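Engineer: Have a look at the structure that comes next, please.
A short reminder: the numbers here are calculations on the coordinates, not readings from a lab. Predicted model only: the values in this text are computed from it and were never measured. A quick note on method: Cβ atoms are made from the backbone with ideal geometry, for glycine too, and the neighbour counts reach across all protein chains shown.
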Amino acid sequence: MILYSFRRCPWAMRARLALRYAGCDVQIHEVKMKEKPAELLALSPKGTVPVLDTGEGVLEESLDIMRWALGRHDPEDWQLLADPAAAQRAETLIARNDSTFKAQVNLYKYAERYPEHSREYYRGQAETWLQELEDLLAGRPYLFADHPSLADAALLPLMRQFAGVEPAWFAEAAYPRLRSWLQGWLASPLFKAVMAK
């Protein structure tokens, strides 16, 4: 199996997290986005990463890759099969992360490209989301259970990106549980393994 990836891409990052967690034996092909290999374009003409060639088919979306990996092996119940209601809430949260929060991160990170408002304004627009995650983490170390879930792994890369825009601000912001959640992931052997060069 071959995963076409780009190390810092948040979508590729979360695909790598799930594949490694599930113990999938995958070769990682790091792609230079300005020099996309012909074999990637042959599998997926859109030319974005991640793309997984399973040997039996091609998966072109990070969530599809994550779900495929968890379907093969999910020792800690990242799919939340033991709590179907939580699993449904997790799906809703992931969808909002991938749409609304993704757009907010882009505005905040690249504020100079959107001079209609200040970076502080764009950051403020995202703080409702930060507070929602902070509230979800009340009384437990992860978003929906006492163990990681698909939602935690799916949200992690964009939250890492957001926190990296103004690290000093994030370090002092009124979201201690969210900060602890993020730091725990970034320090984990799993995350460090998928981010190794």
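Engineer: Looking at region 13-121, which trypsin sites (Lys or Arg not before Pro) are DSSP coil and have at most 11 other C-beta atoms within 10 Å of their C-beta?
Structural biologist: Details: sites: 14, 16, 20, 32, 34, 46, 67, 72, 89, 96, 102, 109, 113, 119; in loops: 32, 34, 46.
In loop regions of region 13-121 (DSSP not H, G, I, E or B), the sparsely surrounded trypsin sites (Lys or Arg not before Pro) are 32, 34, 46.
Engineer: Continuing with the same structure: As a test of the formula, what do you get for the chain when each DSSP H run with n ≥ 4 contributes -39,500 (n - 2.57) and the sum is divided by the residue count, at 222 nm and rounded to the nearest 500 deg cm²/dmol? Present the calculation step by step, with values, prior to reporting the outcome.
Structural biologist: On the way: 10 runs with 108 residues, N = 197.
The helix-only estimate for the chain comes to -16500 deg cm²/dmol at 222 nm.
Engineer: Regarding region 55-113, what are the three Cα extents along the principal axes, ordered largest first, in Å?
Structural biologist: Cα spread of region 55-113 along its principal axes, largest to smallest: 43, 33, 15 Å.
Engineer: Here's a follow-up. To the nearest 0.05, what FRET efficiency results for residue 1 and residue 140 with a Förster distance of 35 Å applied to their C-beta separation?
Structural biologist: Details: r = 34 Å, r/R0 = 0.96.
E(calc), rounded to 0.05, equals 0.55.
Engineer: What are the ³J(HN,Hα) values, in whole Hz, obtained from phi via the Karplus relation 6.51 cos²θ - 1.76 cosθ + 1.60 with θ = phi - 60°, for each residue of region 161-166 in sequence order, with x given for Gly and Pro?
Structural biologist: 5, 4, 4, x, 5, 9
Engineer: If neighbour count is taken as other Cβ atoms inside 10 Å, put 186, 133, 81 in order from fewest to most.
Structural biologist: Details: 186 14, 133 20, 81 11.
Starting with the residue having the fewest Cβ neighbours, the order is 81, 186, 133.
Engineer: What is the order of 1, 66, fewest Cβ neighbours within 10 Å to most? Show your work: numbers first, answer last.
Structural biologist: Details: 1 12, 66 27.
Ordered from fewest to most neighbouring Cβ atoms within 10 Å, 1, 66 come out as 1, 66.
Engineer: Next question. By how many nm would the segment from residue 64 to residue 46 lengthen if fully extended, with 0.36 nm per residue of separation less the alpha-carbon distance? Please report the intermediate quantities before stating the final value.
Structural biologist: On the way: separation 18, 0.36 × 18 = 6.48 nm, distance 1.60 nm.
Using 0.36 nm per residue and subtracting the Cα-Cα distance, I get 4.9 nm.
Engineer: If the viscosity is 1.306 mPa s and the temperature 10 °C, what translational diffusion coefficient in µm²/s does Stokes-Einstein give for region 84-192 when Rh comes from Kirkwood over Cα pairs? The partial results should precede the final answer.
Structural biologist: Numbers: Rh = 14.4 Å.
For these conditions, the coefficient is 110 µm²/s.
Engineer: In which sequence would 177, 8 go, from the one with the fewest C-beta neighbours within 10 Å to the one with the most? List each step's numbers first, then the result.
Structural biologist: Numbers: 177 16, 8 11.
Ranking 177, 8 by Cβ neighbours within 10 Å, fewest first, gives 8, 177.
Engineer: Modelling each spin label as a point 7 Å along the Cα-to-Cβ direction, I'd like the residue 27/residue 88 distance in nm, to one decimal.
Structural biologist: In this crude label model, residue 27 to residue 88 measures out at 4.3 nm.
Engineer: Run the quick spin-label model on residue 113 and residue 81: label points 7 Å from Cα toward the beta carbon, then report their separation in nm to one decimal.
Structural biologist: 4.1
Engineer: With N residues in region 2-75, what two-decimal value do you get for its Cα radius of gyration over 2.2 N^0.38 Å?
Structural biologist: For region 2-75, the normalised Cα radius of gyration is 1.01.
Engineer: Find the percent of Cα-Cα distances in the chain that exceed 22 Å, and round it to a whole number.
Structural biologist: Values: 9616 of 19306 pairs.
Summing the P(r) of the chain above 22 Å gives 50 percent of all pairs.
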